[in-house]
Amino acid sequence: MTLGPAGVLVYENGVTTHISGVPVDCPIDVVGAGDSDMASIAVSTAAGATLAEEVELAMLVADVTIRQPGTTGTANPAQSP
């Protein structure tokens, strides 16, 4: 469940985990953030990550993506925070 700037709640195997949001202190553009999230989760799933790990990585990918105003954001390892 998304919590906006507060992060995400993940429920897996009877356990709820809170994944904190990444603080953003600059102008943002959310275009492409959902697509980046889903791509990150798909790759993480294929790599065998837990759901909490997948979501934590997706939050970082979204953080990179939203920091690219005026374009459909993308994320790559060189852009990591």
Inset, instruction - Residue by residue through region 20-37, note down the ones that are under 10 Å from the mean Cα position of the chain (by Cα) and β-branched (Val, Ile, Thr). - result: Val22
Legend entry - Number of positions in region 12-52 that are of a type in the set (Ser, Thr, Tyr) and either open to solvent by less than 60 Å² (accessible area, probe 1.4 Å) or touching a Leu at 6+ places or on another chain (Cβ under 8 Å) (or both): 5
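May I ask you to verify whether Val31 is in a loop (DSSP other than H, G, I, E, B) and closer than 22 Å to Tyr11 by Cβ?
no
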Inset, instruction - With respect to Ala58, determine if the residue is in a loop (DSSP other than H, G, I, E, B), without any contact (Cβ under 8 Å) to a residue 24 or more places away in the chain and open to solvent by less than 40 Å² (accessible area, probe 1.4 Å). - result: no
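The values are calculated or read from the model by the stated rules, or taken from the named source; none is laboratory data. Computed from a predicted model, the values in this text were never measured in an experiment. Please note: Cβ atoms are built from the backbone with ideal geometry, for glycine as well, and neighbour counts cover all protein chains shown. These area figures cover heavy atoms from the full protein model, side chains too; ligands, DNA and RNA do not enter into them. Shrake-Rupley method; radii C 1.70, N 1.55, O 1.52, S 1.80 Å.
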